[in-house]
1. For a label point 7 Å from the Cα of Asp625 along Cα→C-beta, name the residues of the stretch 127-171 whose backbone N is under 18 Å from it.
2. How big is the shadow of the Cα convex hull of the stretch 412-521, averaged over all directions, in nm²?
3. If every alpha-carbon in the stretch 1-109 counts as one equal scatterer, what log10 I(q)/I(0) does Debye give at q = 0.14, 0.21 1/Å?
4. Evaluate the stretch 499-641: find the radius of gyration of its Cα atoms, find its Kirkwood radius, and give the ratio Rg to Rh.
5. For the stretch 168-310, what number results from the quotient of the Cα radius of gyration and 2.2 N^0.38 Å?
6. Determine ³J(HN,Hα), in whole Hz, for all residues of the stretch 405-414 in sequence, where each value follows from phi through the Karplus function 6.51 cos²θ - 1.76 cosθ + 1.60 and θ = phi - 60°; x replaces Gly and Pro.
7. Summing +1 for each Lys or Arg and -1 for each Asp or Glu, what net charge is found among the other residues whose Cβ lies under 14 Å from the Cβ of Gly632?
8. If you average the sequence gap of Cα pairs under 8 Å that are 6 or more apart and divide by the length of the chain, what percent do you get for the contact order?
Amino acid sequence: MTANPTATEPTLLTLPTPGDWLPWMAERGDAQLAETRRLVDDLKAQRPADAREVLRIWNEAQTALGNAASIGSLFSEVHPEREVRDRAESLMQEVQKLDTDLGLDTELYAVFAELDGSGLDADASRVLEHTLRDFRRSGVDRDEATRARLRELSEQAILLSQEFSKNIREDVRSIRVRPEQLAGMPQDWIDAHPADDDGLVTVTTDYPDVIPFRTFAHDAEARRELVTQFLTIAWPANDEVLQKLFAVRREHASLLGYATWADFDAEVKMIKTGDAIGEFIDRITALSGERAQRDKAVLLERLRQDRPDATDIDGADATYYAELVRKEQHAVDAQRVRTYFPFEAVRQGLLDVTGRLFGLDWTPVAQGDAGTWHADVATYDVAKDGERIGRIHLDLHPRDGKYKHAAQFDLVRGLRGVQLPEGVLVCNFNRGLMEHDEVVTLFHEFGHLVHHVLGGDQEWVRFSGVATEWDFVEAPSQMLEEWAWDADVLGTFARNAEGETIPADLVAAMREADDFGKGYDARTQMFYAALSYDFHVHETPDLTARLRELMGRYSVLPYIEATHMQCHFGHLDGYSSAYYTYMWSLVIAKDMFSAFDRQDLFDPEVARAYRDKVLAQGGRRDAADLVADFLGRPYTFDAYAAWLGE
């Protein structure tokens with residue numbers, strides 16, 4: 001499926017039938033790469049003088065390359081067959097190599113550099129401006145030896161990234177405990193974890209096990225053992241991988257004339273400079289410091305009721321005692337709360353809520369028609385005002401060889417008149433009752449999916465979907481979390497086995513309880529942000545030692561001995577030096593949410609304005625301009641500071 005400017009009916013991707021995935025992956029990948037090369041060769045041979053014609057052909061080439069990248073990126077992480085995952089990884093290597101080659105192609109660069117863009121409209125001018133910027137940042141204007149080295153570094157980076165991800169994906173650790181050590185765990189969880197022939201129960205480091213276990217299990221030693229295993233996933237393999245990846249990035253940035261990788265990476269984000277990242281981290285650290293210490297003191301006081309000699313509390317106990325504080329001091333029992341959130345009802349409720357909010361219809365597509373890669377995947381066509389605008393696939397349960405975290409992947413980037421946007425939500429929830437935190441996570445990730453589909457009606461693939469600056473992309477998904485905390489919204493789908501709707505006073509108590517801990521949560525986020533920033537700015541011989549030092553400076557929770565959290569901190573790959581973006585986006589999300597009436601989160605006027613002025617714009621404008629257009633003013637820290645102080 002290639003970009004065709006004469007097409008009038010945009011199409012959906014036809015996925016293969018079982019047994020045909022491996023040849024399909026090869027055929028589609030090879031065809032899209034070949035189409036990219038053909039279009040680029042034509043562009044260099046023809047060298048059109050008309051700027052818009054050059055951009056049109058480049059748009060088709062970028063669409064084809066993106067089509068190959070999307071299936072490679074997704075199916076290397078989710079396909080149940082190892083052979084298909086391996087072929088997808090190989091495809092991603094080919095995509096990255098071609099992308100690097102194009103960025104360093106001096107002949108291709110000359111086609112763009114010589115254009116007169118004075119007659120272009122705003123969108124086309126933006127495409128040209130960003131394309132020239134991409135060429136400069138790729139090193140096309142460097143000497144031949146430097147370009148060759150940049151090409152080598154790019155190829156090394158993709159291999160290291162894939163190795164890093166695979167080590168995390170395939171290293172599932174576990175502990176075995178006696179049945180009595182499950183005291184405190186929800187009964188449905190216990191029922192799903194029978195003892196083996198030795199009379200022991202296996203608890204894994206996958207999310208459906210580790211999250212409830214560290215939250216509810218009374219046995220402190222078992223909790224600590226599991227958390228320690230969780231924090232050593234992919235150790236020691238990924239420690240070496242990270243050192244190589246950081247070295248590649250340092251050299252890459254240096255060859256392009258940047259002081260650090262953070263400076264190179266930040267240039268195309270809202271924050272603009274590496275130094276500004278450090279300043280932002282310190283600003284949030286100071287803003288949240290007093291609240292963080294106050295919250296931690298409450299946790300430590302509760303721990304001392306059980307262990308009078310305790311002098312500190314760490315991550316092996318913090319989640320468990322935070323749950324006790326919420327239960328005992330805020331009258332919120334998470335085990336009671338979860339009875340209102342059976343998975344199937346939550347999934348349908350999410351669709352109903354977002355459909356009503358954004359004026360969308362989600363129509364289930366039969367698996368035989370959708371051709372999905374696993375029986376767990378649920379597919380929906382998306383319509384707005386009666387017209388189909390895209391398709392989504394929900395892959396929400398864990399399995400061997402699958403991506404271990406939660407994320408939205410592109411399957412197809414939308415291009416007006418050519419191809420409809422298709423997105424995939426990849427999560428790891430159990431099939432029974434969900435923790436409310438998991439419900440919030442599902443709303444968050446679905447926010448990316450909505451952004452991808454609504455932003456997919458674009459003339460230029462460059463601006464399609466979640467195509468804003470990377471430190472804004474979390475804001476829309478963090479916004480959608482707010483609907484998972486509203487009593488009226490939850491009342492539309494949150495019901496227990498007796499059919500009783502979740503009580504409004506319980507939701508109010510949940511919100512109050514959630515306020516507890518947001519101070520030390522902010523500090524934890526700043527520790528993660530400092531880790532991703534610091535590792536990319538300073539050469540660090542011992543990553544674990546530096547992690548321990550940064551944890552002492554930014555987190556209020558101490559380091560757990562013999563752990564190496566950096567080895568399974570997947571964002572060190574994808575986000576590199578920019579993990580700060582989660583908090584940066586949250587500041588903006590809180591400000592955007594201030595435009596909504598908390599008494600009526602479905603107010604159609606403000607919801608449609610947000611949909612049309614922010615989400616549907618994709619990357620057509622800078623994120624700060626999108627936000628200002630929606631709010632009627634530039635964004636500020638005020639709403640975030642007020643929320644932190646509540």
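Any read-out appearing in this document is the output of simple, stated calculations on the displayed coordinates, not a laboratory observation. Treat the numbers as computed from the prediction; the structure is a model and nothing was measured. Note that we place each Cβ from the backbone using ideal geometry, even for glycine, and neighbour counts take in every protein chain shown.
1. What the label zone holds, given the 18 Å backbone N cut-off, is 127-134.
2. Hull-based average projected area comes out at 9.0 nm².
3. Here the Debye-derived log intensity ratios amount to -0.60, -1.10.
4. We get a ratio of 1.06 for the stretch 499-641.
5. Compared with the compact-globule rule of thumb, the stretch 168-310 sits at 1.50.
6. Each residue of the stretch 405-414 in turn: 10, 10, 6, 9, 10, 6, 9, 9, 8, x Hz.
7. So the surrounding residues net to -2.
8. 16 percent
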